[in-house]
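Notes follow the structure.
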């Protein structure tokens with residue numbers, strides 16, 4: 001039986017998490033159980049928020065998409081700390097950062113689309129006839 005189809009965003013999140021997970025296994029002990037665990041949790045929470053949002057109405061989706069954006073932004077900063085402390089090398093940091101940036105752009109696009117749908121800007125009348 002083929003695996004279930006996922007939203008492109010969930011697919012990208014899952015793929016990025018699998019890359020992270022392989023790095024997480026070999027993190028130095030000093031960060032594995034602190035920053036590493038927190039980053040791992042943020043990944044899981046982001047996947048959960050996007051998964052929940054995918055089943056809701058447009059108005060109900062918005063808070064979950066914004067939550068996922070916050071989680072990804074925090075994840076990005078903590079990953080930078082891991083890199084700056086030399087707990088992950090340049091190659092691993094770049095591999096994750098590029099994918100996380102793509103996820104951020106996808107979430108930002110979804111957030112913008114939901115904002116337009118849920119809170120349309122009223123058209124100003126010009127007074128011309």
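Quick note: the coordinates plus some simple rules give every number you see, no bench work behind them. Keep in mind it's a predicted model, so treat the numbers as computed, not measured. All Cβ positions, even for glycine, are placed from backbone atoms using ideal geometry, and neighbour counts span all protein chains on display.
Numerical summary
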{"item": "Over the chain: helical MRE at 222 nm, DSSP H runs n ≥ 4 each giving -39500 (n - 2.57), nearest 500", "result": "-24500 deg cm²/dmol"}
{"item": "Degrees between helix 90-118 axis and first principal axis of the chain (Cα, 0 to 90, nearest 10)", "result": "20 degrees"}
{"item": "Near-label residues of segment 55-87 by backbone N, under 18 Å of a point 7 Å along Cα→Cβ of residue 30", "result": "78-87"}
{"item": "Length added when fully stretched, residue 11-residue 101, from 0.36 nm per residue minus Cα-Cα", "result": "30.9 nm"}
{"item": "Rounded tilt (10° steps) of 58-84 against the dominant C-alpha axis of the chain", "result": "30 degrees"}
{"item": "Crossing angle, helix 37-53 versus the chain [Cα axis fit, 0-90 degrees, rounded to tens]", "result": "30 degrees"}
{"item": "Calculated FRET efficiency for the pair residue 118/residue 22, C-beta based, R₀ 35 Å, to 0.05", "result": "0.35"}
{"item": "Mean separation of Cα contacts under 8 Å, 6 or more apart, over the residue count of segment 8-117: relative contact order %", "result": "33 percent"}
